[in-house]
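**Student:** Take a look at the following structure, please.
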Amino acid sequence: MVEYRLIKVKTALSKSNLPDLDYALNPYIGCQHSCIYCYSPDFTRYSDVAENWGSKVLIKENIVEVLKREVRSLSKGIVGVSTITDPYQPIEAKMKLTRECIKVLSNSGFKVSIQTKSTLILRDSDIINPKNFDVGVTITTMRSEVAREIEPNAPPPRERLKILEYFSRRGVETWLFLGPIIPKINDDEEQLREVVEDASKIKTEIVYDRLNVKPLMLRNMRRKWSFQIDIREVVRLSYNDNYYIKISNTIERLCRRYGVKCSPAFTYKHTRKLTDFI
């Protein structure tokens, strides 16, 4: 059972530190998808939401009105929707905050980069156009049994792939976010190959990312961990640069084989020691 709470906000757009984004817009705080690897709890200032990730969601009920004021005075740029939580989680079907926000942004001359796991985005295909939008879909594995364990309330991978297929056919720039790559879970070459092969069929590029361990993320992983694998080994490998170089080389090799453009999402500099987690 998910608890929803309405809140009012003073700002809608915030400066983004992510590559290629000028602003971030997040209509919700918290995410019902409940992905066990999500780092967002560690960047969420509402402690009750962060501590109960997946079961509490805050709804920014006045965000559309605030956004309408902000776009009149802010410099035009690229807005990431969303950077801290999925903009198309289940409550969006009722609230339509994401829908109204992207309409405001597009009509005001802003570029919009959407990242989601949800097929609910297809509802807004009347707004999402090749001129003002790109669409990214997170797919960590094509295997539904693995996805159910690490992304329990998100749509199955095959359903997410249909999002990329649909928007690619309509000429919208698309990208598949292959991340995080979790050691011992979705990092074997066959699983990676399956993702790359499917990306090649719909001619979408891949952006890949490693598991970037955070304290609350790790606690949530431990609470929900169902794999017969020592989680300490997963954390250790996630901090091993040689391991990640090997995984990166595998992905790059597979992408060359299938003619898929790919690139890493970030360049990491660890700010915590491995011993902080194990």
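**Student:** Just want to confirm a number: the relative contact order over region 20-60, from Cα pairs under 8 angstrom separated by 6+ residues, in percent.
**Tutor:** Working: 47 pairs, mean separation 20.3, N = 41.
The normalised contact order for region 20-60 reaches 50 percent.
**Student:** While we're on this one: Just to confirm the number: angle between the C-alpha axis of helix 97-107 and the first principal axis of the chain, 0 to 90 degrees, nearest 10?
**Tutor:** Relative to the chain, helix 97-107 is tipped by roughly 70 degrees.
**Student:** Okay, moving on. Tally up the carbon and sulfur contribution to the accessible surface of the chain as a whole percent, 1.4 Å probe, everything protein left in place. Mind dumping the intermediate values first?
**Tutor:** Numbers: 6340 of 13060 Å².
The C+S portion of the solvent-accessible surface of the chain is 49 percent.
**Student:** Ignoring ligands, DNA and RNA, what accessible area per residue does the chain give at 1.4 Å, in Å²? Could you put the intermediate results ahead of the total?
**Tutor:** Working: 13060 Å² over 278 residues.
Accessible area per residue, the chain: 47 Å².
**Student:** Provide Rg and Dmax in Å for the chain, with only Cα atoms included in the calculation.
**Tutor:** 18.3, 54
**Student:** Ranking request for peptides 89-96, 127-134: highest mean number of other beta-carbon atoms within 10 Å first, then the rest in descending order.
**Tutor:** In decreasing order of mean packing, 89-96, 127-134 become 89-96, 127-134.
**Student:** State to the nearest 20 debye the size of the charge dipole of the chain about its Cα centre, where the only charges are +1 on K and R beta carbons and -1 on D and E beta carbons.
**Tutor:** Details: 46 positive and 35 negative charges, 119 e Å.
Computed about the Cα centre, the dipole is about 580 debye.
**Student:** Related question: Could you tell me the extents of region 125-278's C-alpha atoms along the three principal axes, largest first, rounded to whole Å?
**Tutor:** Principal extents (Cα only, largest first): 48, 32, 28 Å.
**Student:** Next question, about the same structure. Can you give me the relative contact order of the chain as a percent, contacts being Cα pairs under 8 Å and 6 or more apart?
**Tutor:** 16 percent
**Student:** Enter the mean projected area of the convex hull around the alpha-carbon atoms of region 155-238, in nm², rounded to one decimal.
**Tutor:** 6.3 nm²
**Student:** Still on this structure: In the structure displayed, which of Lys111/Lys224; Lys68/Lys131; Lys162/Lys246; Lys111/Lys261; Lys56/Lys131; Lys96/Lys203 lie more than 28 Å apart, Cα to Cα? Could you put the intermediate results ahead of the total?
**Tutor:** Details: Lys111/Lys224 37 Å; Lys68/Lys131 21 Å; Lys162/Lys246 30 Å; Lys111/Lys261 22 Å; Lys56/Lys131 35 Å; Lys96/Lys203 30 Å.
Check vs 28 Å cut-off fails for Lys111/Lys224; Lys162/Lys246; Lys56/Lys131; Lys96/Lys203.
The values are calculated or read from the model by the stated rules, or taken from the named source; none is laboratory data. Everything numeric here is computed off the predicted structure, so don't read it as measured data. Methodologically, a virtual Cβ is constructed for each residue, glycine included, from the backbone with ideal geometry; neighbour enumeration extends over all protein chains shown. Just so you know, the surface numbers come from the protein's heavy atoms only, side chains and all, with ligands and any DNA or RNA stripped out. Shrake-Rupley method; radii C 1.70, N 1.55, O 1.52, S 1.80 Å.
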